[in-house]
Amino acid sequence: MELKYFACFFFLLFFIPDLRSQITVPFNKEVAKDTINDRQSADTTKIPALPSVLNEEEADPYIQIKRSVLDSLLSPFYSSSVDTAKNDILYKAKYRMNLKAISGDTIYVPLPREESYLAPQIKAHFNELKVKETVTAQDVSRLIKLNPPVWWKNEANFTLAANESAFMNWNAGGNNSVSGLAKLTVIRKYQRLFTLWNNEIFLTYGLNYNEEQKLRKTDDQILINSTFGYRKDTISNWYYTAKFNFKTQFTNGYKYPDTDNPISKFFAPAYLYFGAGSEYNLKKEKLSVYLSPLTFKSTFVLDDELSSTGAFGVEPGKNSRTELGFFTETSWEKKVMKNVAMTNRLGLYTDYLNDFGNIDVDWVLDFKLTVNKWIKANLGAQLIYDNDIKYKEDTNGDGTLETFGARVQLKQVFNIGFTYSF
């Protein structure tokens, strides 16, 4: 029992003085009430008095406690604010009590933080609106027609150009001549999502007649291109591509003025390229770059007389030759001016097995000039270098052609004529 009394004495001696040091108790009842009414700054808070500590005659039903002490005790669980209109302190709980449905345990969930904003009062003034005539609602029916997407791009042109010169007693001299050129171009392009398929056919044939010369050929070409590509997604401009290319000529070619011994014929030569690779295609800029590390090139000479001389790189007596090499082709179309369109196409090929690094070149640069819907002009040039095509020339004048090494071949054309598009 003595130990129990000693503990109570120790508690009263040390703890109660510290608590009372934080609490201000007015022993005069009237003075305490006047003091509470005068503190409008809300820096103190009224709490119930402690009956066990204060005497009943001297104690007020409420005592004062420092705001800082109370906030330190309540801040983990309550948020405090000052109501300036009522000169009072407001405490609001920070947590909400919930019960778990299964276990029945009590949990406390934090309440969302509230934010207040001070906004100025806006006064709006509206002028009186007067309607002279009553407006009634009208029902409008509209039919919208949607055109189906165009996946195919078709282009077909036929051009016929002619040139004629006639002289009679012309003091400056001159020979009567007539020349003509026919050209057919057919293009079919298909591009949809992941698939690209381009097909091109170019047919050209030109003749010239001079009064003192026989009929001569000025242009002769059969060219067919087909490219099929597939890409993984619609964002990429790279396609996995397979490409087919074929070219030959219509009629015999001669080393003029010798028209008895043709140096080329239909399918003599004929070139066929077939390979697989990758193509970078920009539809909007009309630019494509094709790279093929695996391309087969076949050269056909289906004429016994020409094949017996080993023309165009075939072995004497054979009608074909097959090569395996690297092929690249770049095509770019651009509108240079309002009525001038340029086409630039460059093809390079080298054989892996025979003389690797010796590059065959086929470069075409063409300008199309549009006068109107029906009249168009064409200015172009073509450069070819093929190590298999040897140069032949009659150096002795006896009609016998001697064979020399490969040389650069160059052709330049300009014509204007009637064009029909279909």
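Just so it is clear, none of the values below were taken in a lab; they were calculated from the coordinates. This structure is a prediction, so every number in the text was calculated from the model and none was measured. Quick reminder, even Gly has a Cβ in these numbers, built from the backbone with ideal geometry, and neighbours come from all protein chains shown.
Some points to look at:
- Formal net charge of residues neighbouring T234 (Cβ-Cβ distance under 15 Å; K, R +1; D, E -1): +4
- Computed from the C-alpha gyration tensor, the three semi-axes of the ellipsoid equivalent to segment 301-422 are 35, 20, 14 Å, from longest to shortest.
- Per residue, the average separation of C-alpha pairs within less than 8 Å and at least 6 apart gives segment 142-235 a relative contact order of 24 percent.
- Of the trypsin sites (Lys or Arg not before Pro) found in segment 314-395, those in coil by DSSP whose Cβ has at most 13 other Cβ atoms within 10 Å are K318, K338, K373.
- Value of Rg/Rh across segment 152-421 [Cα atoms, Kirkwood radius]: 1.00
- Net charge, F266 excluded, C-beta distance under 10 Å - Lys, Arg +1, Asp, Glu -1: -1
- Convex hull of segment 278-354 built on C-alpha atoms - directionally averaged projected area, nm²: 7.2 nm²
- Long-range Cα-Cα pairs in segment 231-282 (distance over 15 Å), rounded percent: 64 percent
- Within segment 322-407, chymotrypsin sites (Phe, Trp or Tyr not before Pro) in DSSP loop having at most 15 other beta-carbon neighbours inside 10 Å: Y352, F356, W374
- Sequence-distant contacts, meaning Cα pairs under 8 Å at least 6 residues apart, place the relative contact order of segment 175-331 at 15 percent.
- Using a cut-off of 32 Å between Cα atoms, the listed pairs K145/K373; K153/K183; K338/K390; K214/K411; K255/K338; K255/K318 include K338/K390; K255/K338 as exceeding that distance.
- Per-selection Rg to Rh, segment 157-234 - Cα, Kirkwood hydrodynamic radius: 1.33
- Local net charge near Y256, Cβ-Cβ under 13 Å (Lys/Arg +1, Asp/Glu -1): 0
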